[in-house]
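**Student:** Below is one structure. I have some questions about it.
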Amino acid sequence: QVQLVESGGGLVQAGGSLRLSCAASGNIFSIIPMGWYRQAPGKQREMVATITSGGTINYADFVKGRFTISRDNAKITVYLQMNSLKPEDTAVYYCNALVANWLHWGQGTQVTVSS
């Protein structure tokens, strides 16, 4: 069993910042790939940022220069620092983790950016 718990979402004005956290627990015995996705109302879920077990990072073009993904391997936690937020960043943000070839998802955390 693997559990992912996200936190840090909320309401922020445009131009503001938020930091999301996702803590993984359960049967995890090695460094795992993790990532952040988001889903806005009426839209498909889309990749925001990912980080591999080796630390390779990939960002969606729409967040480059504004968002930063990082991880704490000891805590099995991935973070998403979001700066210069825009109203179009409003969505439910989900983290995922690949454990034993199975992709696990968190429950999501709402991020709302007001104009």
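The values are calculated or read from the model by the stated rules, or taken from the named source; none is laboratory data. Bear in mind that the values here come from a model prediction, so they are computed numbers and not experimental data. Cβ sites come from the backbone with ideal geometry, for glycine too, and all protein chains shown count toward neighbours. These area figures cover heavy atoms from the full protein model, side chains too; ligands, DNA and RNA do not enter into them. Shrake-Rupley method; radii C 1.70, N 1.55, O 1.52, S 1.80 Å.
**Student:** Would it be correct to say that G15 is in a loop (DSSP other than H, G, I, E, B), open to solvent by 40 Å² or more (accessible area, probe 1.4 Å) and at pLDDT below 95?
**Tutor:** Working: in a loop (DSSP other than H, G, I, E, B): yes; open to solvent by 40 Å² or more (accessible area, probe 1.4 Å): yes; at pLDDT below 95: no.
Judged against the criteria, G15 is not a match.
**Student:** Separate question: Of these, G16, G35, G106, G42, which one is of a type outside the set (D, E), out of contact with any His (no Cβ under 8 Å at 6 or more places or on another chain) and at positive phi?
**Tutor:** Only one candidate qualifies: G42.
**Student:** Also, I was wondering about something else. What are the residues in segment 103-114 that are of a type outside the set (S, T, N, Q) and in contact (Cβ under 8 Å) with a residue 24 or more places away in the chain, if any?
**Tutor:** Hits for segment 103-114 are H104, W105, G106, G108, V111, V113.
**Student:** Any idea which residue in segment 1-12 is surrounded by the fewest Cβ atoms within 10 Å (Cβ to Cβ), counting only those that are assigned to a loop (DSSP other than H, G, I, E, B) and under 17 Å from the mean Cα position of the chain (by Cα)?
**Tutor:** Restricting attention to segment 1-12, the residues satisfying the condition of being assigned to a loop (DSSP other than H, G, I, E, B) are 1, 8-9.
From what's left, under 17 Å from the mean Cα position of the chain (by Cα): 8-9.
Numbers: G8: 16, G9: 19.
Ranking the qualifying residues of segment 1-12, first place goes to G8.
**Student:** Okay, next question. Going residue by residue through segment 100-111, is there one that turns out to be in contact with a Gly (Cβ under 6 Å, 6 or more places away or on another chain) and hydrophobic (A, V, I, L, M, F, W, C)?
**Tutor:** Checked against the condition, which is being in contact with a Gly (Cβ under 6 Å, 6 or more places away or on another chain) and hydrophobic (A, V, I, L, M, F, W, C), segment 100-111 yields at least one hit.
**Student:** Taking S53, is it part of a loop (DSSP other than H, G, I, E, B) and surrounded by 13 or more Cβ atoms within 10 Å (Cβ to Cβ)?
**Tutor:** Yes: the conditions hold for S53.
**Student:** Here's something else I'd like to know. Output the residues belonging to segment 23-53 that are of a type in the set (G, A, S) and either touching a helix residue (DSSP H, G or I) at 6+ places or on another chain (Cβ under 7 Å) or without any contact (Cβ under 8 Å) to a residue 12 or more places away in the chain (or both). Give the steps one after another, and end with the answer.
**Tutor:** Quick first cut of segment 23-53, residues of a type in the set (G, A, S) only: 23-26, 30, 35, 40, 42, 49, 53.
Correct list: G42, A49.
**Student:** Within segment 28-50, how many residues turn out to be surrounded by 12 or more Cβ atoms within 10 Å (Cβ to Cβ) and assigned to a loop (DSSP other than H, G, I, E, B)?
**Tutor:** 6
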